[in-house]
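Below is one structure, written out as structure tokens; comments come after it.
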Amino acid sequence: MKQRLQSISGITYVCVVYYVLAALVTPGFFSINNTWNLLYNFFPLLILAGGQTYVMLTAGIDLSITSIIAVCSVVGGFVMSADTTPFASEGSMIFFGIIAMLLTGVAIGLFNGLSVASFQMPAFMVTLTTMMIFSGFAVWLTQSQNIYNLPEAFVDFPYRSVLGLPTPVLIGIVLVLLGYLLLRRTIWGEWIYAVGANRAAATVSGVNVGKTLLLVYAMSGLSGGIAAIFYTARLETGSPVMGQNILLDVIGAVVIGGTSLFGGRGKISWTITGALFMTILDNSLNLLGLSFFLIMIIKGIIILGTAVFNRLQERRWTSA
């Protein structure tokens, strides 16, 4: 346990040190505008990484999260756009648009979970396939066109404050607290860890493996729907390719946070640090003017290095 705490503290220290270094060498990094930019990028990523954490704790992975964001954005765009909406009032557009986005995310998540649980298919294959299917569906549905003319109140949604906190911050905090309570204070949380640690042993112990898998993939889909709301509002458009470049960031946040790729070990609090590091890293590299491809290479090297380090740590803890 002491070794694990030291490892997590080390991740936190690395995050703090990198932030200070980025502030010193990156032009415009330590400005008020960029600080707000970090904030508005961090919380949607944290929401997505939180959903991915539940899945990875069961030794699974959800590669379809980017396509979930795209489909949710398109569905919400159709419901809310003044060009296509069946509703007359702005309030109805926003309410039913948000509901449609959340239900779409949950539905895709349940489809993934059902395929993994009922047919005992590998999560990698299931979610890779659904990523291709739903990404293509979003493009086909819109004919590769963005959806504009969204309600002004919806577009302003991420920038409003509730109880003195920006909306993304408040929602992010609430979801993190709910995630902590789910994993640490409920039977569902115990089942999630048990399934990830040893699925066969969990089944023998009376854990409902099928329902547990359905739950975690539904929660991942819900996180995609919530994130799609913020991304769609910030970009002021429903896009069939929204979120297509953030899969590495989502998985990287969970891996860098310390959650095991083999399941059974991880915490939401660890994912917070991982998501923060990925947000700072991406922001600083962009401010340095590096190309998209070079940024992806750097991220990939860091995530792979972290995964290898975590695996070596797990082996050492197991043998100790």
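The values are calculated or read from the model by the stated rules, or taken from the named source; none is laboratory data. These numbers were taken from a predicted model, which means no experiment stands behind them. When we count neighbours, we look across all protein chains shown, and the Cβ atoms used for this are built from the backbone with ideal geometry, even at glycine. What goes into the accessible areas is simple: the full protein's heavy atoms, side chains included, and nothing from ligands, DNA or RNA. Shrake-Rupley method; radii C 1.70, N 1.55, O 1.52, S 1.80 Å.
If you take the residues in region 145-164 that are assigned to a loop (DSSP other than H, G, I, E, B) and open to solvent by less than 80 Å² (accessible area, probe 1.4 Å), which one is farthest from Gly238 (Cα to Cα)?
Gly164
Annotation note: Cβ proximity below 8 Å between a residue of region 294-316 that is free of Cβ contacts under 8 Å to residues at least 12 places away in the same chain and a residue that is outside any helix (DSSP H, G or I) and surrounded by 15 or more Cβ atoms within 10 Å (Cβ to Cβ) (sequence gap 6+ or interchain) occurs for no pair. Listed conditions (1) of a type in the set (Ser, Thr, Tyr); (2) without any contact (Cβ under 8 Å) to a residue 40 or more places away in the chain; (3) crowded, with 19+ Cβ neighbours inside 10 Å are all met by Ser89, apart from (3). One residue stands out among those in region 243-258 that are of a type outside the set (Val, Ile, Thr) and part of a helix (DSSP H, G or I): the one that is nearest to Ile303 (Cα to Cα), which is Gly252. Only one of the numbered conditions (1) open to solvent by less than 10 Å² (accessible area, probe 1.4 Å); (2) touching a Gly at 6+ places or on another chain (Cβ under 9 Å); (3) aliphatic (A, V, I, L, M); (4) closer than 30 Å to Phe95 by Cβ is violated by Val255, and that is (4). Scanning region 96-118 for residues that are open to solvent by 40 Å² or more (accessible area, probe 1.4 Å) and hydroxyl-bearing (Ser, Thr, Tyr) returns a single hit, Ser118. Of all residues in region 165-198, those satisfying the criterion of being open to solvent by 70 Å² or more (accessible area, probe 1.4 Å), of a type outside the set (A, V, I, L, M, F, W, C) and assigned to a helix (DSSP H, G or I) are Tyr180, Arg184, Arg185, Glu190. Against the numbered list (1) assigned to a helix (DSSP H, G or I); (2) modelled with pLDDT under 95; (3) open to solvent by less than 50 Å² (accessible area, probe 1.4 Å), Thr232 comes up short only at (2).
Yes/no matrix, rows are residues, columns are (1) more than 13 Å from Ala228 (Cα to Cα); (2) open to solvent by 50 Å² or more (accessible area, probe 1.4 Å); (3) assigned to a helix (DSSP H, G or I); (4) of a type in the set (S, T, N, Q):
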{"residue": "Trp36", "(1), (2), (3), (4)": "yes, yes, yes, no"}
{"residue": "Asn41", "(1), (2), (3), (4)": "no, yes, yes, yes"}
{"residue": "Ala49", "(1), (2), (3), (4)": "yes, no, yes, no"}
{"residue": "Gln52", "(1), (2), (3), (4)": "yes, no, yes, yes"}
{"residue": "Ile61", "(1), (2), (3), (4)": "yes, no, no, no"}
{"residue": "Ile69", "(1), (2), (3), (4)": "no, no, yes, no"}
{"residue": "Phe78", "(1), (2), (3), (4)": "yes, yes, yes, no"}
{"residue": "Thr84", "(1), (2), (3), (4)": "yes, yes, no, yes"}
{"residue": "Ile94", "(1), (2), (3), (4)": "yes, no, yes, no"}
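Of the residues making up region 98-116, at least one is aliphatic (A, V, I, L, M), under 13 Å from Ile229 (Cα atoms), in a helix (DSSP H, G or I) and free of Cβ contacts under 8 Å to residues at least 12 places away in the same chain. Look at (1) assigned to a helix (DSSP H, G or I); (2) open to solvent by less than 30 Å² (accessible area, probe 1.4 Å); (3) over 23 Å from Ile268 (Cα atoms); (4) of a type in the set (A, V, I, L, M, F, W, C) and you find that Phe29 fails only one, number (1). Exactly one residue among Thr279, Thr306, Thr271 is farther than 30 Å from Met101 by Cβ and in a helix (DSSP H, G or I), and that residue is Thr306.
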